[in-house]
Amino acid sequence: MSAEDFTYEEVGATRVQGRCPPGYRPLHVRCRIGEGEEVFRRAAEAVLTWEMHRAVGVGVDTSAERAAPGTDVTVTLAGLIRAPCRVVWTLEEPRRAGWAYGTLPGHPETGEESFVVHRTGDRTVWLTVTAFSRPAAWYARAGGPATRGLQHAYARRCGAVLRRLCADIPQD
């Protein structure tokens, strides 16, 4: 995977919590999913296999069944906006699992976004969506604050959908 393919230089920066490269807008949304090991496992699997994204209602075009570094993914919004990305890192640990993708040419934004499920010491399971971005397409620039609001709404919707996907699992 060549950093030259991406539309930004800071490939992998979402791996460092709280890092937002200069010139980008940060996004950090944390949503409570539930409690317990089984909720964590179910949430992690839904994130790693694109199930959460598909359940949110976006199109996901990828040849991989599971997120892996180097995997190309095109997310389609409302059948109109195509957002080509590539997975830059994945994480599968006993208490954290997730991945991040970075933008490729043709994406309306420039930057990176991560989706990480983690289980805290008190057994609470959270989804954290972290991103840094700036507009690349004219319509993303023209949208101004509305574009930013849509990004926040999408991150919150990911949390709500993941909570729903895990709702049938008994909480410990």
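A few remarks follow.
- For region 81-90, filtering for residues that are open to solvent by less than 20 Å² (accessible area, probe 1.4 Å) and either free of Cβ contacts under 8 Å to residues at least 40 places away in the same chain or over 19 Å from G12 (Cα atoms) (or both) leaves 3.
- No other residue among A64, A68, A78, A43 is buried (at least 18 other Cβ atoms within 10 Å of the Cβ) and of a type outside the set (F, W, Y) apart from A43.
- Selection count where residues are part of a strand (DSSP E or B), surrounded by fewer than 23 Cβ atoms within 10 Å (Cβ to Cβ) and among the β-branched types (V, I, T), scope region 117-128: 2
- Candidates G98, G111 - the one that is closer than 20 Å to C31 by Cβ, open to solvent by less than 80 Å² (accessible area, probe 1.4 Å) and assigned to a strand (DSSP E or B): G98
- Matching residues in region 147-159 - criterion: being surrounded by 14 or more Cβ atoms within 10 Å (Cβ to Cβ) and among the small types (G, A, S): A155, G159
- Annotation: G57 fulfils all but one of (1) open to solvent by less than 40 Å² (accessible area, probe 1.4 Å); (2) of a type in the set (G, A, S); (3) within 18 Å of R163 (Cβ to Cβ); the unmet one is (1).
- Region 81-116, residues that are of a type in the set (V, I, T), under 30 Å from E38 (Cα atoms) and over 15 Å from the mean Cα position of the chain (by Cα): none
- Checking each residue of region 46-61 against the condition of being over 21 Å from R156 (Cβ atoms) and at pLDDT below 95 gives at least one match.
- Of all residues in region 23-58, those satisfying the criterion of being among the β-branched types (V, I, T) and either in a helix (DSSP H, G or I) or free of Cβ contacts under 8 Å to residues at least 40 places away in the same chain (or both) are V39, V47, T49, V56, V58.
- Flag for R141 being open to solvent by 40 Å² or more (accessible area, probe 1.4 Å), without any contact (Cβ under 8 Å) to a residue 12 or more places away in the chain and part of a helix (DSSP H, G or I): yes
The values are calculated or read from the model by the stated rules, or taken from the named source; none is laboratory data. Worth saying up front: this structure is predicted, and the values here are computed from it rather than measured. Positions of Cβ are backbone-derived with ideal geometry, glycine not excepted, and every protein chain shown enters the neighbour counts. Note: areas computed on protein heavy atoms with side chains; ligands, DNA, RNA excluded. Shrake-Rupley method; radii C 1.70, N 1.55, O 1.52, S 1.80 Å.
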